[in-house]
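Visitor: Before anything else, here's the structure in question.
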Amino acid sequence: MIEFKEVEKYYGSFHALKDINLTVQKGEVVVVIGPSGSGKSTMLRCINGLEDITEGQLLINDVDLHGKGTNMNQVRKNLGMVFQHFNLYPHKTVLENITLAPIKVLKKSKEDATKLAETLLEKVGMLDKKDSYPSQLSGGQQQRIAIARGLAMQPEVMLFDEPTSALDPEMIGEVLEVMKKLAREGMTMVVVTHEMGFAREVADRVIFMADGQILEDANAIEFYEQP
Ligand code: ADP
Ligand code: ADP
C-alpha cells in the first residue's frame, strides 16, 4: 500500500531522510517514534505529497507518487491526515468542516455529504456537537472532529502526526479510543506518536527513527521487550 524505496530527502543542504526503505501493507498499523527532529513529520508529509522526495521512489498503491504525470489530487484522496493542532476551519460548524471536502472534491450532493458526516460523527462520538463551532469544543473533541474530517474522503490510509501531543492529559484517552476503533476496523494507519500504550496495544510494527534514518523496524512486542 505504501512503499519507500531508497528514499532521500534534503531541505537545501540538510539531509532530512536517509535511505528510507519501508513497506506498509493494507490493514497494518505502523507507529513511528523517535526524538524531535529525526524526520518523522517529514516522512508523513512525503507520503501525502506535502513534501517532495529528493531521490528514490515512493509508491502508494503502486502509483509512483513523485513520478511524471502522477495526479497528486487523485493520490491524496486516498490519504486522510490528522495533525497535532487539529487545523479545523474556525468559521465553519463541525458538520460543515466535515462535509466540505466530500462536496468540493468528491462532488457529493449536500444531502449525501451530510449523511456521511453524521455517520462519521456518530463513530467518533460527536454527533451531538454537529452544529457547534470548533472554538466551543475541547481539544479532545476537536481532534475527534479532525479524525472524522480525515475519514470523510473515505481514504484507504490514515496518517496521524502526533495527534495527542497538544492535548491536556485527560483528553488523550478519548482520541486514542477513536484511533483504536479505526485500527480494529482494519484501517491502514501510520501514526507518529509518543503514546507507548497505544503502540503496544494496536501497532503491528514500531519504527524507530533517529537522525533521518530508520534504526529499527520491529513488531511491537519485540520492540518493547528487548533490553
Ligand atoms: P520530527 O517530526 O521527527 O520532529 P521533522 O521531520 O519535523 O522531524 O524534521 C526533521 C528535520 O528537518 C529537523 O531538523 C527540521 O528542522 C528539518 N526540517 C523540517 N522541515 C523543514 C523545512 N521545511 N525546511 C528546512 N528544514 C526542515
Ligand atoms: P511538527 O513537529 O508539529 O511537525 P515542526 O515545527 O517540525 O512541527 O514543523 C512545522 C512546519 O515548519 C513544517 O511545515 C515544517 O516543514 C516547517 N519547518 C520545520 N523545521 C524547519 C526548518 N528548520 N526550516 C524551515 N521550516 C521548518
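Visitor: Rounded to whole Å and sorted largest first, list the principal axis extents of the Cα atoms in the range 176-223.
Guide: Result, largest extent first: 32, 20, 17 Å.
Visitor: Something else about it: Can you spot the aspartates and glutamates whose alpha carbon is less than 17 Å from residue 40's alpha carbon? Ignore those fewer than 8 places along the same chain.
Guide: Leaving aside aspartates and glutamates fewer than 8 places away in the same chain, those within reach of residue 40 are 3, 6, 8, 19, 51, 52, 161, 162, 195, 211, 216, 217.
Visitor: Which lysines have a Cα less than 30 Å from the Cα of residue 92, not counting those fewer than 8 places away in the same chain?
Guide: Straight-line reach from residue 92, under 30 Å: 77, 104, 107, 108, 110, 115, 123, 129, 130, 180, 181.
Visitor: Based on a Kirkwood Rh over C-alpha pairs, give the Stokes-Einstein translational diffusion coefficient of the range 1-107 at 10 °C and viscosity 1.306 mPa s in µm²/s.
Guide: Numbers: Rh = 15.5 Å.
Rounded to a whole number, D works out at 102 µm²/s.
Visitor: Something else about it: Which GluC sites (Glu not before Pro) from the range 161-206 combine a DSSP loop assignment with at most 11 other Cβ atoms within 10 Å? Before the final figure, lay out the partial values.
Guide: On the way: sites: 170, 174, 177, 185, 195, 201; in loops: 185, 195.
Counting only loop positions with at most 11 other Cβ atoms within 10 Å, the GluC sites (Glu not before Pro) in the range 161-206 are 185.
Visitor: When the gyration tensor of the range 78-141 is built from Cα positions, what are the square roots of 5 times its three eigenvalues, in whole Å, from largest to smallest? Could the numbers behind the result be given before it?
Guide: Numbers: eigenvalues 68, 39, 26 Å².
Equivalent-ellipsoid dimensions as semi-axes: 18, 14, 11 Å.
Visitor: Pick from 77, 123, 68: which is most flexible by mean-square fluctuation in a GNM of the chain where alpha carbon atoms under 10 Å apart are linked?
Guide: Comparing 77, 123, 68 in a Gaussian network model of the chain, the most mobile one is 68.
Visitor: Apply 1/(1 + (r/R0)^6) to the Cβ-Cβ distance of residue 55 and residue 131, taking R0 = 45 Å, and write down the FRET efficiency to the nearest 0.05.
Guide: Values: r = 48 Å, r/R0 = 1.08.
Result of the calculation: an efficiency of 0.40.
Visitor: Right, another one. Which log10 I(q)/I(0) values, to two decimals, does the chain give at q = 0.15 Å⁻¹ under the Debye formula with one point per Cα?
Guide: Each listed q corresponds, in turn, to -1.01.
Only the coordinates and a few stated rules stand behind these numbers; no lab work does. This is a predicted model, so every value here is computed, not measured. Reconstructed Cβ throughout: ideal geometry from the backbone, glycine too, with neighbour counts over all protein chains shown.
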